[in-house]
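The values are calculated or read from the model by the stated rules, or taken from the named source; none is laboratory data. All of these numbers come straight from a predicted model, not from anything done at the bench. Positions of Cβ are generated from backbone atoms using ideal geometry, with glycine treated the same way; all protein chains shown enter the neighbour counts. Heavy atoms of the whole protein, side chains included, go into the accessibility calculation; ligands, DNA and RNA do not. Shrake-Rupley method; radii C 1.70, N 1.55, O 1.52, S 1.80 Å.
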Amino acid sequence: MSDDPAAQPVEPRAAATVLLVRDEPGTGDLQVFLQRRVAGMAFAGGMTVFPGGGVSAGDEPDPARWRGPEPERFGARLAQPADLAAALVTAAVRETFEECGVLLAAPAGTEPGPLDAAAAWRDDLVARRITLPELLAAHDLELRADLLVPWSRWITPPRNPKRYDTAFLVARVPDGQVADDATTEAVEARWWSPAEALSGHDDGDLQLMPPTLRTLQELHRHDSADEVLAAAAARDIEPMTPEVRREGRVVTITLPGDPDWIYEETTR
């Protein structure tokens with residue numbers, strides 16, 4: 001966070017984050033996929049986060065390969081223009097595939113499932129040898145926008161040097177696909193129950209940014225992936241910009257409209 005009150009705010013970069021959920025095999029309890037990022041990364045180093053990242057220039061979908069609610073409907077939920085909403089959904093699908101190997105796409109008329117060549121496709125995407133729309137066209141796949149449901153929208157406070165305007169979307173991991181830890185951006189990636197992640201944060205074992213913490217608290221109210229998806233469809237989404245106050249080394253973060261929610265951290 002900048003200490004210069006006269007500094008002009010940095011324009012936030014559009015980004016998408018995916019709350020990838022499932023019912024735990026054997027117990028049926030709700031789980032969400034989280035990654036502990038590599039320490040020292042420019043953004044959120046050492047933090048435990050949901051998969052996601054910034055919108056790239058290639059995240060412009062082919063309307064002919066889009067299956068599900070139109071971009072205008074995503075835009076209405078997220079208070080964003082339709083073209084940006086389309087890019088956000090595309091970025092969400094791309095980042096989920098790049099970071100944990102789950103591809104929310106399938107041939108027309110079928111459901112997503114195991115794909116024999118997915119590892120090679122993922123390598124090409126990570127190396128920027130191909131964009132996601134190009135990959136879908138090359139293998140005759142449709143982007144499954146119908147598997148993603150908006151959950152929230154978070155905007156980094158104005159005085160931060162790196163700012164993001166991030167759409168949080170929920171998706172259930174498709175049957176037959178396995179979320180993995182094969183990414184250079186994380187030192188650990190696995191399924192957690194919201195309660196387990198929140199307990200880890202309370203004990204100091206997990207570092208969570210305020211949007212991640214708040215979202216896990218919201219997910220903790222639900223018992224299954226079905227409940228989360230139903231709740232997502234019914235949510236009223238208001239863009240959320242945390243309010244930050246610094247007193248000495250203590251940074252206090254609160255949320256507009258929720259005076260009882262407080263996040264504090266001590267800086268060096």
Open item on the list: residue 145 - would you say it is among the small types (Gly, Ala, Ser), surrounded by 16 or more Cβ atoms within 10 Å (Cβ to Cβ), closer than 22 Å to residue 66 by Cα and in contact with a Lys or Arg (Cβ under 8 Å, 6 or more places away or on another chain)?
Closed with: yes
Task: Criterion: modelled with pLDDT of 95 or more and open to solvent by less than 40 Å² (accessible area, probe 1.4 Å) - qualifying residue of 206, 198 - done: 198
Task: Condition check for residue 135: under 15 Å from the mean Cα position of the chain (by Cα) and either surrounded by 17 or more Cβ atoms within 10 Å (Cβ to Cβ) or in a loop (DSSP other than H, G, I, E, B) (or both) - done: no
Task: Residue list for region 240-254, restricted to those being open to solvent by less than 60 Å² (accessible area, probe 1.4 Å) and out of contact with any helix residue (DSSP H, G or I) (no Cβ under 6 Å at 6 or more places or on another chain) - done: 240, 241, 244, 250, 251, 252, 254
Task: Checklist (1) out of contact with any Ser or Thr (no Cβ under 8 Å at 6 or more places or on another chain); (2) assigned to a helix (DSSP H, G or I); (3) buried (at least 20 other Cβ atoms within 10 Å of the Cβ) applied to residue 33, failing item - done: (2)
Open item on the list: I need a count of the residues in region 81-132 that are assigned to a loop (DSSP other than H, G, I, E, B) and either β-branched (Val, Ile, Thr) or buried (at least 23 other Cβ atoms within 10 Å of the Cβ) (or both).
Closed with: 6
TODO: Only residues in region 75-98 that are basic (Lys, Arg) count as the first member; pair them with residues that are modelled with pLDDT of 95 or more and part of a helix (DSSP H, G or I), Cβ under 6 angstrom, at least 6 apart or cross-chain, and list the lot.
DONE: 94/132
